[in-house]
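Notes for the one structure printed next.
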Amino acid sequence: MADEAQPGPRRPGPADPPVVLVTGASSGIGLATAVRLADAGWRTLLSGTDGARLDEVAARTGGRVLPEDLSKPDGPSRLAEAALAEAGRVDALVASAGLGWRGPFVDTPSDVLDRMIDVNFAAPLRLVRLLLPGMLERRRGRIVLLGSMAGQVGVRDESGYAATKGGLAMFAESLWYELRGTGVGVRLVLPGPVDTPFFDRRGTPYQRERPRPVPAERVAETVVATITTGRDRLFVPHWLGFPARIHGVAPGVFRRMASRFG
């Protein structure tokens, strides 16, 4: 007797809660964002590399754990496939996974540079490429990319990290033009330093006097706001938009200021 076919994932209906895939959900901005979205009624798909921490976040949010290493070449495709198999659709992607390293560029370990490029830049592009067709078909969706102030103005001794975030910002800008009028929105969140385990993991603490690190929950508030409002480019804190504008219109002036004030 032939085995009975196993049912696939249930097709989501209009009354189902919206589904968000959060990368880097085991700590920092990703964790805080997942909690806030779960509180707002979203169904959360939680990705990261720390399975134990993801289980804790899932217990807080009622979310589904989808562990994945986005530095692997097939990591993004495996994650996208798992998310669609689990929920049937992804209404919002919050790409908050990120790695950093501080020091002279010539001293950057090759494997660290490769992982920063893969996790910070390549993985978000690949995930968007895989999840965007479904959003376009449904004519609704949100893509939230976590950039950095470092990718807007450059930061000494963070050349590799700044390059990955700068590339992500240009991807967001270009994709925004492509998706106008489709019902799918692209959002770019640009924090300064954030009080998370990021600095411990990169191996050097945050040492500048300004700007001071902000709590991850403050960035998460902005991420949630970008999903529900029309603003597509937000700095955290907001005043960081001012030096970014100075850099854009008068880069020489900005460099002199940066050299003087650090």
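The values are calculated or read from the model by the stated rules, or taken from the named source; none is laboratory data. These numbers were taken from a predicted model, which means no experiment stands behind them. When we count neighbours, we look across all protein chains shown, and the Cβ atoms used for this are built from the backbone with ideal geometry, even at glycine. Accessible surface is based on the protein model in full, side chains and every heavy atom, while ligands, DNA and RNA are left aside. Shrake-Rupley method; radii C 1.70, N 1.55, O 1.52, S 1.80 Å.
Take the residues of region 84-141 that are of a type in the set (S, T, Y) and more than 24 Å from A225 (Cα to Cα): which is least open to solvent (accessible area, probe 1.4 Å)?
For region 84-141, the residue satisfying everything is T108.
Among the residues of region 143-165, count how many are in a helix (DSSP H, G or I) and in contact with a Phe, Trp or Tyr (Cβ under 9 Å, 6 or more places away or on another chain).
Result for region 143-165: 10.
In region 57-83, what count of residues is obtained for those that are closer than 14 Å to A122 by Cα and touching a Gly at 6+ places or on another chain (Cβ under 9 Å)?
2
Quick check on my filter: what residues within region 30-39 are crowded, with 24+ Cβ neighbours inside 10 Å and β-branched (V, I, T)?
T33
Taking E173 as the residue in question, decide whether it is among the acidic types (D, E), over 16 Å from the mean Cα position of the chain (by Cα) and within 24 Å of A225 (Cα to Cα).
Considered against the rule, which asks whether it is among the acidic types (D, E), over 16 Å from the mean Cα position of the chain (by Cα) and within 24 Å of A225 (Cα to Cα), E173 comes out as no.
Restricting to region 152-165, give me the number of residues that are without any contact (Cβ under 8 Å) to a residue 40 or more places away in the chain and open to solvent by less than 20 Å² (accessible area, probe 1.4 Å).
Number of matching residues: 1.
Filter region 142-170 for residues that are basic (K, R) and touching a Gly at 6+ places or on another chain (Cβ under 7 Å); which is farthest from T228 (Cα to Cα)?
K165
On the given criteria, is G181 touching an Asp or Glu at 6+ places or on another chain (Cβ under 8 Å), farther than 23 Å from E81 by Cβ and not in a helix (DSSP H, G or I)?
When the stated conditions are applied, G181 does not pass them.
Residue check, V19 against (1) modelled with pLDDT of 95 or more; (2) within 12 Å of the chain's Cα centre (by Cα), all met but one. Which one?
All conditions pass for V19, except number (2).
Can you find, within region 40-52, the residue that is modelled with the lowest pLDDT among those that are touching a helix residue (DSSP H, G or I) at 6+ places or on another chain (Cβ under 8 Å) and surrounded by fewer than 24 Cβ atoms within 10 Å (Cβ to Cβ)?
A40
For the structure I just gave you, tell me whether S27 is at pLDDT below 95, open to solvent by less than 20 Å² (accessible area, probe 1.4 Å) and touching a helix residue (DSSP H, G or I) at 6+ places or on another chain (Cβ under 8 Å).
Here the answer is yes, as S27 does meet what is asked.
Might you check whether a residue that is more than 18 Å from the chain's Cα centre (by Cα), at positive phi and open to solvent by 20 Å² or more (accessible area, probe 1.4 Å) occurs anywhere in region 62-77?
Yes, region 62-77 has at least one match.
When residues of region 79-137 are filtered for being aromatic (F, W, Y) and modelled with pLDDT of 95 or more, how many remain?
1
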